[in-house]
Amino acid sequence: MPGDFTRADVERIARLARLELTEQEKALITPQLSNFLAYAEQVQTVDTSGVPPTSHPLGTLGAWREDTPRPSLPRDQALSQAPEADRSAGLFKVPRVLG
Amino acid sequence: MTLDTAAEIRTAVRQGQVSAVEVCEAALARVRATDGALHAFHAVAAEQALASAAALDAERRSDPEAADRPLFGVPVALKDNFCTREIRTTACSKILEHYTPPYDATVVERLRAAGAVIIGKTNCDEFAMGSSTENSAFGVTRNPWALDRTPGGSSGGSAAAVAARMVPLAFGSDTGGSIRQPAALCGVVGLKPTYGRVSRYGLLAFASSLDQIGPIATTVADAALALQVIAGADPRDATCVTTAVDDYAAALTGEIRGMRVGVPWALMRDGVDAEIRTAFERAIDTLREQGATIVEIDLPHSAQAIPVYYLIANAEASSNLARYDGVRYGYRTPDAQTLSEMYDRTRDRGFGAEVKRRILLGTYVLSAGYYDAYYLKAQQVRTLIRRDYETALQSVDLVAMPTSPTPAFTLGERTNDPLQMYLADVFTVAVNLAGLPGISIPCGFTANRLPCSLQLIGRAMDEATVLRAADAFERATTFARERPASVEGETIGR
């Protein structure tokens, strides 16, 4: 259950969130998140038995449309903002994945 | 004439009293003269603005009817989280510092089609996360009413630009109050439409079940005009509803006799600044004098709105911001050896402190073992908050409360305590959780001349009633016509 939020929790969720935090950041963020979670504990006092969760505030499923193929962003435009790309091959480039 | 209202500018341009280029030049001159002190704009797109104004003038010369478009020649500013083709769009984050979108947001397309001239992109809290614009990676914005204070946030630049009369109309996004609260703190009109009323295609997503785009203006009539242009179905945003768009100008009859307005007095028991309360009570008296019936209503679950909002909004943010990974766009750290290291370091260096805090909190409440206790629970309490409003709005036409519990606060005053900053969102976040339309309009001033604001909340898709009451209030009072002391009317053209 919620309550004891520690630096180890920050390290665990930083891995999940793909954030390389500095030691200084971890030290700052741990009490801040802990404070917020202690404050947010109050929602536990509300009786929600049988209450459905809200995902869309108006309760609608949104608009439907036909699944018609149509042109999307041209590849050269999609690549135009990439930090690194091989434009002639039409690929985004990333650092080595395998050793 | 001045740059005060879109309606006035549109008429003058249509009648040929002034050209679109002259209006654009006046707006740009005003930005140059005032924005050094305020920093409402993150980027001014002077060249593109002048080119599109010139194109409008040419169009009008060859076809006078072209000038009948609703925002013909009107200079507008856009919060920097709206994608604008060929104009840099950063969400005021280092991670998007050099990003230039290859496409326009639907709202931007509609504004261009209506004849609006985009002057530039306004400063905001990074990814719209904040209530003071102090979380921008590119410096703070100052409040035109008091330069040592914040304009509110997250759409603080848009509100400050309108308050300082650099543009008559600006646009923002409102996830938990980010249009209404800065409008309140800057003494202008801010409208958050119903969830789904306006397309979010091309808005950099923060919390997808809450985000909504809306206008900031000096008059309710201009806000109505702007909503008319941007509202309506969009096949590119599946959350955008297909309900027909009302005629908002026609709703502004000035007549609110018989309207029922509910006030949740219990929510105002603590924590509301005395001058804000006095201004609010006077505003309620004004509505009563105009023939509205005032009744007390109860919104018992709104006391939980802040924790529920921050649990849900941050969970959704952690998911939406996963896309910033240094691969397809935006910043990439130069010194990573592996893909994994590149992701982690890019995100740590690209995002600011508040954004990281929120991503971490959101990741935590969605993580295995905590989902039910936090996220699911919050979504259930959200249902109760929404039902309170639904019940109240069966017996009243509108709900009234202040927009912000305090006037504009001093720069730096709340930055060291994130929770204290969150608590000031007490009157705005529940409206997003319930998905309802809400407007913030000026309703008074404190002794040291800081704006106070009235918030009116309506039924889903009933912006017409919200606008009608707000417009009637504006006609009965003079607050919306007051300007910050630093602002003099800019004269345009001849």
- Task: Could you please let me know if residue A:10 is of a type in the set (A, V, I, L, M, F, W, C), within 9 Å of chain B (Cβ to nearest Cβ), over 30 Å from residue B:97 (Cβ atoms) and surrounded by 11 or more Cβ atoms within 10 Å (Cβ to Cβ)?
- Result: no
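Looking at this structure, is residue B:410 more than 20 Å from residue A:58 (Cβ to Cβ) and either away from every other protein chain (no Cβ under 11 Å) or under 24 Å from the mean Cα position of the chain (by Cα) (or both)?
yes
Residue B:327: within 14 Å of chain A (Cβ to nearest Cβ), of a type in the set (A, V, I, L, M) and in a loop (DSSP other than H, G, I, E, B), yes or no? Steps first, please.
On the way: within 14 Å of chain A (Cβ to nearest Cβ): yes; of a type in the set (A, V, I, L, M): yes; in a loop (DSSP other than H, G, I, E, B): yes.
So residue B:327 fits the description; yes.
How about region B:368-463: which helices (runs of 4 or more DSSP H) wholly inside it have at least 3 residues that are surrounded by fewer than 24 Cβ atoms within 10 Å (Cβ to Cβ) and of a type outside the set (A, V, I, L, M)? Give the steps one after another, and end with the answer.
Details: elements: B:377-395, B:418-423, B:429-434.
Once the helices (runs of 4 or more DSSP H) in region B:368-463 are filtered for at least 3 residues that are surrounded by fewer than 24 Cβ atoms within 10 Å (Cβ to Cβ) and of a type outside the set (A, V, I, L, M), what remains is B:377-395, B:418-423.
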- Among the residues of region B:319-329, write down those that are touching a residue at least 12 places away in the same chain (Cβ under 8 Å) and surrounded by fewer than 24 Cβ atoms within 10 Å (Cβ to Cβ). B:319, B:320, B:325, B:329
- Query: When you go through (1) surrounded by 15 or more Cβ atoms within 10 Å (Cβ to Cβ); (2) within 15 Å of residue B:310 (Cα to Cα); (3) at the interface with another protein chain (Cβ under 8 Å from one of its Cβ atoms) one by one for residue A:34, which number turns out not to apply?
  - Reply: (3)
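Conditions (1) farther than 30 Å from residue A:52 by Cβ; (2) more than 7 Å from every other protein chain (Cβ to nearest Cβ), marked per residue:
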{"site": "B:308", "(1), (2)": "no, no"}
{"site": "B:314", "(1), (2)": "no, yes"}
{"site": "B:351", "(1), (2)": "yes, yes"}
{"site": "B:358", "(1), (2)": "no, yes"}
{"site": "B:364", "(1), (2)": "no, no"}
{"site": "B:380", "(1), (2)": "no, no"}
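Identify the residue in region A:41-84 that is in contact with a Pro (Cβ under 7 Å, 6 or more places away or on another chain) and within 7 Å of chain B (Cβ to nearest Cβ) and, among all such residues, is farthest from residue B:233 (Cα to Cα). Break it down into steps so the answer makes sense when it comes.
Taking region A:41-84 and keeping what is in contact with a Pro (Cβ under 7 Å, 6 or more places away or on another chain), we get A:41-43, A:65, A:73, A:77, A:80.
If we keep only those that are within 7 Å of chain B (Cβ to nearest Cβ) as well, we get A:42-43, A:65, A:73, A:77, A:80.
Numbers: A:42: 38, A:43: 35, A:65: 11, A:73: 21, A:77: 27, A:80: 30 Å.
Per the stated criteria, the residue is A:42.
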- Within region B:232-239, identify whether any single residue is within 30 Å of residue A:68 (Cα to Cα), surrounded by 21 or more Cβ atoms within 10 Å (Cβ to Cβ) and either more than 13 Å from chain A (Cβ to nearest Cβ) or touching a Gly at 6+ places or on another chain (Cβ under 8 Å) (or both), and answer yes or no. yes
- Working carefully through the options B:345, B:332, find the one that is at the interface with chain A (Cβ under 7 Å from one of its Cβ atoms) and not in a helix (DSSP H, G or I). B:332
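Since every read-out is calculated from the coordinates, none of them should be taken as a lab result. Just so it is clear, the model here is predicted, and its values are computed rather than measured. Using ideal geometry, Cβ is built from the backbone for each residue, glycine included, and neighbour counts are taken over all protein chains shown.
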